[in-house]
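S.K.: Take this structure, written in structure tokens, and hold onto it; I'll ask about it next.
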Protein chains: 2
Amino acid sequence: MKVVKFGGSSLASGEQVEKVYNIVVSDPKRKVVVVSAPGKRHGDDIKVTDLLISCAEGYLKNGEAPELVATVVERYASIARELSLSNEIIEKIEADLLELLAGDKSKPERYLDAVKASGEDNNAKLVAAYFNHQGVEAHYVNPKDAGLLVSNEPGNAQVLPESYDKLYELRNRPGIVIFPGFFGYTKDGEVLTFSRSGSDITGSILANGIKAELYENFTDVDAVYSVNPTIVEDPKEISELTYREMRELSYAGFSVFHDEALIPAFRAGIPVNIKNTNNPSAPGTRIVNERDNNNGPVVGIASDGGFCSIYVSKYLMNREIGFGRKILQILEDDNITYEHIPSGIDDVTIILRQGQMSADVEEKIISRIKAELNADEVIVEHDLALIMVVGEGMRHNVGTTAKAAKSLADAGVNIEMINQGSSEVSMMFGVKEVDEKRAVKALYEEFFARVMV
Amino acid sequence: MKVVKFGGSSLASGEQVEKVYNIVVSDPKRKVVVVSAPGKRHGDDIKVTDLLISCAEGYLKNGEAPELVATVVERYASIARELSLSNEIIEKIEADLLELLAGDKSKPERYLDAVKASGEDNNAKLVAAYFNHQGVEAHYVNPKDAGLLVSNEPGNAQVLPESYDKLYELRNRPGIVIFPGFFGYTKDGEVLTFSRSGSDITGSILANGIKAELYENFTDVDAVYSVNPTIVEDPKEISELTYREMRELSYAGFSVFHDEALIPAFRAGIPVNIKNTNNPSAPGTRIVNERDNNNGPVVGIASDGGFCSIYVSKYLMNREIGFGRKILQILEDDNITYEHIPSGIDDVTIILRQGQMSADVEEKIISRIKAELNADEVIVEHDLALIMVVGEGMRHNVGTTAKAAKSLADAGVNIEMINQGSSEVSMMFGVKEVDEKRAVKALYEEFFARVMV
């Protein structure tokens, strides 16, 4: 039994919904289908979710937003026309949406969540109608009805563990289950949405719930690339990677999907297959618990800019019990998270996302470190990029570090910082942001595209 | 004006004291001479300080230790005979020592400190007598008389800042000042000793006190070597290194002297020259604030074993504010200091000296990390070595990391961990202890002894 999730671009038009239908019915194991709201049909298009957010804002501000509502309804209507579905379902969607928008606005966050969630909910109904129209038994299932309970956090709801037993019963439903992504219900019966990429989360939860053999995540790329294709042209596709590798790659800029979405599937040990709705015969990328290492130590390279470092030095620092802990406490007091803390004997460097610190907060933190820890020197360097070289095969592979460092040296990139701990699933290099692309290219050349000599 | 300090082996026999005399009088700037207790004359010999500790222990236990006392006195007597000094001074030393040993034992730690300190104190008197015997004006100066005040910590006394102004007056003393190393006086007039290498500390304090132009530290090697000579045969000598470099090298096993001894000289910006009593014409090694980088990026390589790592992993660790701080707090609760904390996204590794943790404490810490931080995995790995590759020239020297990592890879050494922060005065590699020597040799070959191709 498989859970199949389709992203917004896979459901943006009637033509796309047809592809979805063909994909689902081509494999009888595809039991549960999770749908997103219609996404962009072309680069300038607006996602239905974004239109709905505007609708809700219009209603909150002016009590109405007739043009926006018409635009949303027309998105569904155009899909229905393309698929030769009766107008009845569109009338129902319009009536439901107007009723929802007219509803209780005393808690704007919750109102917004409910309106956003309708994007997925109505699309699931539409998709179910098309499957039925094609003569296939399929049923829209509401998350409340299925027992998908979430915590009371608008926009960032977390699945409640007691949901899983109830969700297991989806296995016994007749026909194909068409399930809206992105939201669940609180114990009080309120609709609340997950964080971004919420449909991925729903798919992952359902895969866990029904103990699926596979969670197929259909998107609009053939596979996860080994490196950012805007930096390296036509990069190698990754056929298989482990959860850990995926997480390390996601961390530093791989945006195929939000890595946290995978947690429920990961906890249940269910493999994930990222596939392309527009090219379903391509094998895609499999995310698994363990994999054979058969194609070199490195599986992917990711990078992200926008980091800064706080360098703190104090003579005899390493004799002072509590020095590091006190620095971290100062950051914690301002809710600042750090990424890495490489240290020398008498110095420590804290690497963090610089967006977290306003100039004021930065100044305050520097003063506190100087004053409370009596530091000799505190220096902040901005605009750093972190590059992750990721691969389970790097574990105990003698020489990977040397190769990586040499390729950076040959490209004239100075390594500001290296961090490699015992996990050895990844190796991190800190470089100046201006060197980021050059560095990534050099590493890719070294590990994936060694030019013949 | 210079402060000149002589170690125990430089004063172990009459022949050695003659060398000291010749060194001091050959340069009229050598105003203050700091002396250690007589050290070993040959490999199987016992240092006077160690004999004194045994004496004190004998008196504490049995109220006497006649043979040990005789052995101590004979050490001084043999030096006096070699130097043709009258027996009067030896009789005085014996009488003083017996009086001291018979003294108040109600606070054993303080009693021990006073007995230990007599080794230096009596030797300073003997050396001063020899200088006088040679017709040179020289005066034994007692630390109390000179104003060397220390904190109330037996065996680990710290100089009190108010000492320096008083010590400056040593400049105005007539002739050469012969000053016993290793101890000072509390404000209550009690003798307390510094930590190990205490005579180096005294020399450093006096250099600061009299604002010396140079602090000469005479020992029994021609220079600081660029690498441990028990690992690499006949290694390159270091002619000049900065305080920072010295500190990084000392940290990981360079035992020429205790790096903290240099702090008072460092704070006053006074250069230190490590020289050989047995070969005083050799230039030795200069330790300075800044140096020209004229001989490659790396100045030295040091290593030390006996480290362990605690690897902690938890999925989504890096979203948890306070995770790292809490781990450090757990260590702090048991007074455990760590050396480095390389981290991945979902894991952090704490490197520390394993001697700090008994099996019980280790178990307790593991349980606490698991229980209080809900960690997925906590793994302790023992018997690691840290290798420091040190050099101010590494700062922004593209490719040093690559060279170092490649040399280790070529030697078949797996790098368990790398730590390179913004300071870039050093680069640290963690390897298994069994690989330590091989790794150090490979790095030395790479940076110092590149074989001609």
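S.K.: Could you grab me the full set of residues in the range B:329-338 that are under 15 Å from A:SER343 (Cα atoms) and facing chain A (nearest Cβ under 7 Å)?
M.R.: B:THR337, the sole residue that qualifies.
S.K.: Against the definition (among the polar types (S, T, N, Q), crowded, with 21+ Cβ neighbours inside 10 Å and under 24 Å from B:ARG30 (Cα atoms)), how does B:ASN123 come out, yes or no?
M.R.: yes
S.K.: Here's something else I'd like to know. Out of the residues in the range B:310-340 meeting the condition of being modelled with pLDDT under 85 and hydrophobic (A, V, I, L, M, F, W, C), tell me which one is nearest to B:GLN354 (Cα to Cα).
M.R.: The extreme case among them is B:MET317.
S.K.: Would you mind stating whether A:VAL398 is in contact (Cβ under 8 Å) with a residue 60 or more places away in the chain and hydrophobic (A, V, I, L, M, F, W, C)?
M.R.: Here the answer is no, as A:VAL398 does not meet what is asked.
S.K.: Something else: Hey, among the residues in the range A:61-98 that are under 14 Å from A:LYS116 (Cα atoms) and open to solvent by 50 Å² or more (accessible area, probe 1.4 Å), which one's nearest to the chain's Cα centre (by Cα)?
M.R.: Looking at the filtered set, the residue picked out is A:LEU68.
S.K.: With the structure loaded, tell me whether A:GLY189 is within 14 Å of chain B (Cβ to nearest Cβ), in a loop (DSSP other than H, G, I, E, B) and at pLDDT 90 or above or whether it fails that test.
M.R.: Considered against the rule, which asks whether it is within 14 Å of chain B (Cβ to nearest Cβ), in a loop (DSSP other than H, G, I, E, B) and at pLDDT 90 or above, A:GLY189 comes out as no.
S.K.: Scanning for something touching a Pro at 6+ places or on another chain (Cβ under 9 Å), polar (S, T, N, Q), within 10 Å of chain B (Cβ to nearest Cβ) and assigned to a strand (DSSP E or B), does the range A:393-402 turn up at least one residue?
M.R.: No, every residue in the range A:393-402 fails to be touching a Pro at 6+ places or on another chain (Cβ under 9 Å), polar (S, T, N, Q), within 10 Å of chain B (Cβ to nearest Cβ) and assigned to a strand (DSSP E or B).
S.K.: Oh, and also: Quick one: A:GLU381 ticks every box in (1) within 11 Å of chain B (Cβ to nearest Cβ); (2) open to solvent by 30 Å² or more (accessible area, probe 1.4 Å); (3) touching a helix residue (DSSP H, G or I) at 6+ places or on another chain (Cβ under 6 Å) except a single one, so which number is it?
M.R.: (3)
S.K.: Just to verify a result, which residue in the range A:329-347, among those that are assigned to a helix (DSSP H, G or I) and either free of Cβ contacts under 8 Å to residues at least 12 places away in the same chain or open to solvent by 30 Å² or more (accessible area, probe 1.4 Å) (or both), is farthest from B:ASP346 (Cα to Cα)?
M.R.: Taking the candidates together, the pick is A:ASP333.
S.K.: To continue, here is another question. For B:GLY412, state whether it is at the interface with chain A (Cβ under 7 Å from one of its Cβ atoms), open to solvent by less than 20 Å² (accessible area, probe 1.4 Å), more than 21 Å from A:LEU408 (Cβ to Cβ) and more than 28 Å from the chain's Cα centre (by Cα).
M.R.: no
S.K.: Looking at A:ILE418, A:ILE379, A:ILE387, which one is among the β-branched types (Val, Ile, Thr), modelled with pLDDT under 90 and either closer than 30 Å to A:ILE327 by Cβ or part of a loop (DSSP other than H, G, I, E, B) (or both)?
M.R.: The match here is A:ILE418.
S.K.: Residues of the range A:292-303 being buried (at least 18 other Cβ atoms within 10 Å of the Cβ) and of a type outside the set (Gly, Ala, Ser), which ones?
M.R.: The answer is A:PRO297, A:VAL298, A:VAL299, A:ILE301.
S.K.: Here is a follow-up. Out of curiosity, is B:SER303 facing chain A (nearest Cβ under 9 Å) and hydroxyl-bearing (Ser, Thr, Tyr)?
M.R.: No: the conditions fail for B:SER303.
S.K.: Only residues that are within 28 Å of A:SER106 (Cβ to Cβ) and surrounded by fewer than 15 Cβ atoms within 10 Å (Cβ to Cβ): list them for the range A:159-195, please.
M.R.: Across the range A:159-195, the qualifying residues are A:LYS187, A:ASP188, A:GLY189.
S.K.: Now a separate question. Just to be sure, is B:GLY324 more than 30 Å from B:ARG438 (Cα to Cα) and either of a type in the set (A, V, I, L, M) or open to solvent by less than 20 Å² (accessible area, probe 1.4 Å) (or both)?
M.R.: So B:GLY324 fits the description; yes.
S.K.: One residue is enough: does the range B:341-349 have a residue meeting the conditions at pLDDT 90 or above and charged (D, E, K, R)?
M.R.: Checking the range B:341-349: not a single residue is at pLDDT 90 or above and charged (D, E, K, R).
S.K.: Among A:LYS29, A:LYS19, A:LYS40, A:LYS61, which is basic (Lys, Arg), touching a residue at least 12 places away in the same chain (Cβ under 8 Å) and within 30 Å of A:LYS107 (Cα to Cα)?
M.R.: From the options A:LYS29, A:LYS19, A:LYS40, A:LYS61, the qualifying one is A:LYS40.
Residue-wise test of (1) within 11 Å of chain B (Cβ to nearest Cβ); (2) in contact (Cβ under 8 Å) with a residue 12 or more places away in the chain.
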site	(1), (2)
A:ILE327	yes, yes
A:ILE351	yes, yes
A:GLY355	no, yes
A:SER358	no, no
A:LYS370	no, no
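Each row is one residue, and each column tells you yes or no for (1) closer than 16 Å to A:PHE179 by Cβ; (2) under 25 Å from the mean Cα position of the chain (by Cα); (3) basic (Lys, Arg).
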{"site": "A:LEU100", "(1), (2), (3)": "no, no, no"}
{"site": "A:LYS105", "(1), (2), (3)": "no, no, yes"}
{"site": "A:LYS116", "(1), (2), (3)": "no, yes, yes"}
{"site": "A:GLY119", "(1), (2), (3)": "yes, yes, no"}
{"site": "A:VAL127", "(1), (2), (3)": "yes, yes, no"}
{"site": "A:PHE131", "(1), (2), (3)": "yes, no, no"}
{"site": "A:ASN142", "(1), (2), (3)": "yes, yes, no"}
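S.K.: Out of (1) surrounded by 21 or more Cβ atoms within 10 Å (Cβ to Cβ); (2) of a type in the set (A, V, I, L, M); (3) in contact with an Asp or Glu (Cβ under 9 Å, 6 or more places away or on another chain), the odd one out for B:ALA282 is which?
M.R.: Failed condition: (1).
S.K.: Now, a different point. Would it be correct to say that A:LYS5 is under 22 Å from A:LEU97 (Cα atoms), of a type in the set (Lys, Arg) and either open to solvent by less than 60 Å² (accessible area, probe 1.4 Å) or touching a residue at least 12 places away in the same chain (Cβ under 8 Å) (or both)?
M.R.: No, not satisfied.
S.K.: I need the strands (runs of 3 or more DSSP E) fully contained in the range B:194-300, keeping only those with at least 1 residues that are among the basic types (Lys, Arg) and within 28 Å of B:ARG353 (Cβ to Cβ).
M.R.: Fully inside the range B:194-300 and qualifying: nothing.
S.K.: Quick one: is B:GLU260 within 14 Å of chain A (Cβ to nearest Cβ) and within 17 Å of the chain's Cα centre (by Cα)?
M.R.: Spelling it out, B:GLU260 is indeed within 14 Å of chain A (Cβ to nearest Cβ) and within 17 Å of the chain's Cα centre (by Cα).
S.K.: Go through the range A:311-322 and give me each residue that's hydrophobic (A, V, I, L, M, F, W, C) and either free of Cβ contacts under 8 Å to residues at least 24 places away in the same chain or at the interface with chain B (Cβ under 9 Å from one of its Cβ atoms) (or both).
M.R.: Passing the criteria: A:LEU316, A:ILE321.
S.K.: Somewhere in the range A:305-315, is a residue open to solvent by less than 10 Å² (accessible area, probe 1.4 Å), assigned to a strand (DSSP E or B), under 27 Å from A:ILE231 (Cα atoms) and aliphatic (A, V, I, L, M)?
M.R.: no
Results for (1) more than 19 Å from B:VAL177 (Cα to Cα); (2) outside the structural domain of B:SER36 (by TED's automatic domain parsing); (3) of a type outside the set (A, V, I, L, M); (4) surrounded by fewer than 24 Cβ atoms within 10 Å (Cβ to Cβ), shown as yes or no for each residue.
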| site | (1), (2), (3), (4) |
| --- | --- |
| B:ALA207 | no, no, no, no |
| B:LYS211 | no, no, yes, yes |
| B:VAL232 | yes, yes, no, yes |
| B:GLU237 | yes, yes, yes, yes |
| B:GLU245 | yes, yes, yes, no |
| B:PRO271 | yes, yes, yes, yes |
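The values are calculated or read from the model by the stated rules, or taken from the named source; none is laboratory data. What you see is a predicted model; the values in this text were computed from it and never measured. Reconstructed Cβ throughout: ideal geometry from the backbone, glycine too, with neighbour counts over all protein chains shown. Only protein heavy atoms, including side chains, enter the accessible area calculation; ligands, DNA and RNA are left aside. Shrake-Rupley method; radii C 1.70, N 1.55, O 1.52, S 1.80 Å.
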